[in-house]
1. Take the stretch 85-102 and flag every residue that is in a loop (DSSP other than H, G, I, E, B) and of a type in the set (D, E, K, R).
2. Report, by residue number, each residue of the stretch 180-216 that is modelled with pLDDT of 70 or more, outside any loop (DSSP other than H, G, I, E, B) and surrounded by 15 or more Cβ atoms within 10 Å (Cβ to Cβ).
3. Check M1, M16 and return the single one that is among the hydrophobic types (A, V, I, L, M, F, W, C), modelled with pLDDT under 95 and either outside any loop (DSSP other than H, G, I, E, B) or more than 20 Å from T93 (Cα to Cα) (or both).
4. Which residues, counting only those in the stretch 116-162, are under 13 Å from Q235 (Cα atoms), part of a loop (DSSP other than H, G, I, E, B) and not charged (D, E, K, R)?
5. For A51, all conditions in the list (1) surrounded by fewer than 20 Cβ atoms within 10 Å (Cβ to Cβ); (2) more than 26 Å from L139 (Cβ to Cβ); (3) in contact (Cβ under 8 Å) with a residue 12 or more places away in the chain hold save one; what is the number of the exception?
6. Condition first: among the acidic types (D, E), closer than 19 Å to V103 by Cα and touching an Asp or Glu at 6+ places or on another chain (Cβ under 8 Å). Can you find one or more residues in the stretch 10-22 that meet it?
7. Based on this model, can you work out whether E244 counts as among the charged types (D, E, K, R), without any contact (Cβ under 8 Å) to a residue 12 or more places away in the chain and part of a helix (DSSP H, G or I)?
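The values are calculated or read from the model by the stated rules, or taken from the named source; none is laboratory data. Please read all numbers here as calculations on a predicted model, not as lab measurements. Ideal geometry is used to build each Cβ from the backbone, glycine not excepted, and the neighbour counts take in all protein chains shown.
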Amino acid sequence: MSTVLITGSADGLGLMAAKLLIDEGHEVVLHGRNPRRAQDALAAAPGAAGALHGDLSVVAEITSVAEQANAHGPFDAVIHNAGVYRLPERVGTEDGLSKVFAVNVLAPYLLTALVERPDRLVYLSSGMHLDGDPDLGDLQWTRRPWNASQAYSDSKLHVVALAFAIARRWADVRSNAVDPGWVATRMGGPGAPDDLAQGPETQARLAVHSPASGGYYYHQMLGETHPAASDIEVQEGLLAVCREITGVELPTS
């Protein structure tokens with residue numbers, strides 16, 4: 001049996017992955033962005049071992065989620081599932097960050113840095129990362145006109161770069177990224193063409209059995225990645241930006 005934390009698991013793919021793992025007998029801890037959503041998650045996933053709460057767009061609340069996780073843990077695996085999609089306009093957080101960047105990139109970084117190191121880490125990305133721009137010059141979209149698709153694609157490229165950076169830096173952890181497909185969740189919309197049943201499968205499998213590290217998977221098969229995701233200069237630049245924003249250094253191996 002594995003103990004698994006899944007962020008953003010009150011609904012959608014996070015909740016589906018949680019139910020798969022609970023049905024297999026694993027101990028699963030859920031997460032919602034506030035106490036009510038955490039309770040919703042518990043109600044939707046009978047058998048869950050608990051639920052953490054915190055808004056992953058806010059640095060102080062991300063830190064609180066990490067503290068809650070360490071109080072409950074340790075975990076064998078963490079699935080970084082929480083994310084926001086294509087927002088129609090730039091939404092700023094109370095820390096002055098782009099919400100897309102804060103939730104999709106900074107939260108996984110900070111939780112990875114602060115939560116007691118598990119054996120396996122799974123980061124949810126997207127096939128749209130292939131259209132991402134690796135330029136780190138304006139991650140908060142304060143100088144460029146807002147482009148919803150580009151901001152999302154960039155964030156998902158950076159998530160893959162983060163997963164690969166962890167795989168390179170932490171030899172004792174199996175760190176992988178997943179494209180769950182474009183599936184008909186609340187985020188994906190009713191017209192999404194991919195198989196919803198396969199949407200949570202890969203991340204659930206990697207959470208309990210990761211044969212290797214540094215992979216990008218689509219429906220349990222290795223997939224194509226943007227070349228920049230494997231670029232050490234891009235990886236280290238992204239880590240440096242996250243460190244500067246949060247004041248938290250990613251622990252060494």
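1. R86, E89, R90, E94, D95
2. E201, T202, Q203, A204, R205, L206, A207, V208, Y216
3. None of the other options fit; the residue is M1.
4. P134, L136, listed by residue number.
5. Status for A51: all satisfied but (1).
6. Yes; the residues of the stretch 10-22 include at least one that is among the acidic types (D, E), closer than 19 Å to V103 by Cα and touching an Asp or Glu at 6+ places or on another chain (Cβ under 8 Å).
7. yes
Conditions tested, residue by residue: (1) over 24 Å from R205 (Cβ atoms); (2) in a loop (DSSP other than H, G, I, E, B).
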{"position": "Q39", "(1), (2)": "yes, no"}
{"position": "A43", "(1), (2)": "yes, no"}
{"position": "A51", "(1), (2)": "no, no"}
{"position": "D55", "(1), (2)": "yes, yes"}
{"position": "A71", "(1), (2)": "yes, no"}
{"position": "G83", "(1), (2)": "no, yes"}
